[in-house]
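The values are calculated or read from the model by the stated rules, or taken from the named source; none is laboratory data. None of these values were measured; they are calculated from a predicted model. Glycine gets a Cβ as well: all are built from the backbone with ideal geometry, and neighbour counts include every protein chain shown. Heavy atoms of the whole protein, side chains included, go into the accessibility calculation; ligands, DNA and RNA do not. Shrake-Rupley method; radii C 1.70, N 1.55, O 1.52, S 1.80 Å.
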Amino acid sequence: MQRIKSVFRRSVAAAAVAALMAGAAFVAPPAQAAEKVRVALGDVVSVETLAFLIALERAKDRGVDYEMTSFAKEELAIQSIVNGQADLGVGTPYSVIQKAKVPLKVVFQMSRLVFFPVASNEYKNWDDLNGEPFTFHARGTGTEAIGNIIAKREGIEFGQRSYVPGSENRIIAMMKGQINATIVDLSNKNKLMEMAGDKFHVLPGVSEVPSDELVFANQNWIDERPEAVNVVVEEMLKLWNEMSQNPGIIEEERAKRNLLADQPKEILAEVVPFYTEGVKEGLFSPTGGGMAAAKADFEFYTEAGQMEGPADSLSVEEYWNLEPLNAAKKKLGL
């Protein structure tokens, strides 16, 4: 599955990524940090993961300390949870849960897979793309799943399919006239419209937006540390709701806590615009996911080939532990 990638991630220092090789063992934290929640992030700490970091800092204020390891690949982060070498992970573990039969449980929807179909102005609607070439990220990825869902909905078939990894690379190809229709992430959609909004436009996308990044843990650890899980989920839900009312809260908290202090000013200047646009486009749901989100995910990921269906045969309880989220909603009056 293609994760939402933006220009921000290319600017993060290499030191933010753990020096791990595929299949390398996770380095356990020192004994004195054993009580900390060990967080496995399948990405780098960046503007896009800043809200999660702030929620963890708020949880720390309440006595739930943590240490974070950034992995070069999401698969490594998930594997560290499976092996018991980390406690709380960020990624999309549905396929691993289903195929490996491991007791991982999702507790919060961190972000949603908000992608946008864009096309040159010669294609005024989806009917105009019937039989026409279309470009995706890679075979079997989220962009192709979105395309398949839309094609089925619109009653069309794409012509030749081509694959160009990276939303930013597909935008460059569009600017060069090499491709005319594709699907890109939020930041690159905005970039394209800013640079050439007179030549390209956005087509209607999918109505049911699936999860992109989920917070999850081993059920055994959830049973052992219910208080820690409840505090983290509560702080995320609280912040996500604050963000929905005032996206600027993320920059306020970042400055207050001196987070991402090593980043260039031009990167930090994008915090407010990114979260403002993210809230507007539904990247961050104030519900934190739950039953409805899980069912939407089943529909999407079975279509994408990431999960075996049919979607309506899948049980939410096998993939989610809803208790921390429901408790947080009750406590916060949501």
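Quick notes on this one:
- Residue match in the range 275-286 (condition: hydrophobic (A, V, I, L, M, F, W, C) and under 24 Å from Asn220 (Cα atoms)): no
- Filtered residues of the range 286-305 (kept if open to solvent by less than 50 Å² (accessible area, probe 1.4 Å), farther than 14 Å from Ile97 by Cα and at pLDDT below 95): Ala296, Phe300, Ala304
- All conditions but one from (1) open to solvent by less than 50 Å² (accessible area, probe 1.4 Å); (2) touching a Phe, Trp or Tyr at 6+ places or on another chain (Cβ under 7 Å) apply to Val202; the one that does not is (1).
- Taking (1) in contact with a strand residue (DSSP E or B) (Cβ under 7 Å, 6 or more places away or on another chain); (2) buried (at least 23 other Cβ atoms within 10 Å of the Cβ); (3) under 20 Å from Ala311 (Cα atoms) in turn, Ile97 satisfies each apart from (2).
- Flag if Ile156 is open to solvent by less than 20 Å² (accessible area, probe 1.4 Å) and over 26 Å from Glu277 (Cβ atoms): yes
- Taken together, Ile222, Ile179, Ile156 contain a single residue that is over 17 Å from the mean Cα position of the chain (by Cα), without any contact (Cβ under 8 Å) to a residue 40 or more places away in the chain and at negative phi, which is Ile156.
- Some residue of the range 46-55 being assigned to a helix (DSSP H, G or I), in contact (Cβ under 8 Å) with a residue 60 or more places away in the chain, surrounded by fewer than 21 Cβ atoms within 10 Å (Cβ to Cβ) and touching a helix residue (DSSP H, G or I) at 6+ places or on another chain (Cβ under 8 Å): no
- Condition check for Asn218: within 20 Å of Leu41 (Cβ to Cβ) and touching a Leu at 6+ places or on another chain (Cβ under 8 Å): yes
- Of all residues in the range 269-285 being assigned to a helix (DSSP H, G or I) and free of Cβ contacts under 8 Å to residues at least 12 places away in the same chain, the one that is most open to solvent (accessible area, probe 1.4 Å): Lys280
- Output for the range 247-268, where each listed residue is assigned to a helix (DSSP H, G or I), without any contact (Cβ under 8 Å) to a residue 40 or more places away in the chain and more than 13 Å from Glu48 (Cα to Cα): Ile249, Glu252, Ala255, Lys256, Lys265, Glu266
- The numbered conditions (1) open to solvent by less than 10 Å² (accessible area, probe 1.4 Å); (2) at pLDDT 90 or above are all true for Thr143 except (2).
- Filtering Arg161, Arg170 for residues that are farther than 24 Å from Thr287 by Cα, surrounded by fewer than 21 Cβ atoms within 10 Å (Cβ to Cβ) and charged (D, E, K, R) leaves a single hit, Arg161.
- The one condition from (1) part of a helix (DSSP H, G or I); (2) closer than 26 Å to Ile150 by Cβ; (3) open to solvent by 20 Å² or more (accessible area, probe 1.4 Å); (4) of a type in the set (D, E, K, R) that Glu308 does not meet is (1).
- Segments classed as strands (runs of 3 or more DSSP E), wholly inside the range 170-246, with at least 3 members that are modelled with pLDDT under 95: 211-218
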